[in-house]
Amino acid sequence: MLQEFGADWGGRPETLTDKLKNDIERFRDRSFLKAAMAASALTALADGEVSLEERYRIDAILAREPALGAFNAVKAVSIFQDYVHALRREPQRARRVLMAKVERMAEKPRKARTVMRVSWLIIAADQDVTPAEAAAFDELCRTLMLDPEDVRQGVMN
């Protein structure tokens with residue numbers, strides 16, 4: 001999870017967490033948080049379930065991950081849970097609505113990349129990214145005109 005990006009101004013390598021924290025602090029708006037939680041819900045539920053273990057880990061990441069510290073963790077978890085519930089209740093309608101939230105970030109490449117990095121941290125929370133989750137992640141990245149592998153590795157030009 002803490003992959004190097006290259007040296008920051010102090011000469012030390014900047015980690016994915018450092019990079020996310022810096023980007024999220026810049027994008028501290030409600031539409032960004034909703035897009036990040038929409039992407040996370042779409043990818044985490046792609047395999048048809050968000051297990052109890054996965055939920056605990058997701059909650060812990062949202063509450064403790066320094067990169068997400070710019071947001072109220074309780075609010076982020078609540079939004080995520082609402083989106084997962086909507087996807088279970090009305091999958092087609094909820095998917096359209098959540099996709100629209102994510103797609104709004106396409107016009108802002110740095111925000112789009114950060115949304116997908118947050119999503120990757122969340123789906124990788126249980127140390128088991130299923131093929132369905134990876135496929136959903138890749139699809140969202142392509143929708144946002146991002147290379148999924150670059151986002152996963154934390155390296156963008």
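Starting at 0 and stepping by 10 Å, how many percent of the alpha carbon pairs of the range 34-113 end up in each bin?
18, 50, 30, 2
What FRET efficiency do you get for GLN92 and ARG64 if R0 is 35 Å and r is their Cβ-Cβ distance, rounded to the nearest 0.05? All intermediate terms of the calculation are to be shown ahead of the outcome.
On the way: r = 34 Å, r/R0 = 0.97.
It comes to 0.55.
Starting from the Kirkwood Rh over alpha-carbon pairs, what translational D in µm² s⁻¹ does the range 14-153 have by Stokes-Einstein at 10 °C and 1.306 mPa s? Mind dumping the intermediate values first?
Details: Rh = 14.5 Å.
So the translational diffusion coefficient is about 109 µm²/s.
Convert 4 °C to kelvin, take the viscosity as 1.567 mPa s, use the Kirkwood radius over C-alpha pairs of the range 81-157 as Rh, and evaluate the Stokes-Einstein diffusion coefficient in µm²/s, rounded to a whole number. Kindly include the intermediate steps, with their values, before the conclusion.
Details: Rh = 13.0 Å.
My calculation gives 100 µm²/s for D.
Give, in nm to one decimal, the length gained when the segment between VAL74 and GLU53 is fully stretched (0.36 nm per residue of separation minus the Cα-Cα distance).
Working: separation 21, 0.36 × 21 = 7.56 nm, distance 1.80 nm.
Extra length from VAL74 to GLU53 when fully extended: 5.8 nm.
Suppose a student asked you for the relative contact order of the range 14-153, using Cα pairs under 8 Å spaced at least 6 residues apart; what percent would you report? Don't skip to the answer; put the middle values down first.
Details: 158 pairs, mean separation 52.8, N = 140.
RCO, the range 14-153: 38 percent.
Laboratory data are not the source of any read-out in this text; all were calculated from the coordinates shown. Please read these numbers as outputs of a predicted model, since none were measured by experiment. Don't worry about glycine lacking a Cβ; one is built from the backbone with ideal geometry, like all the others, and counts go over all protein chains shown.
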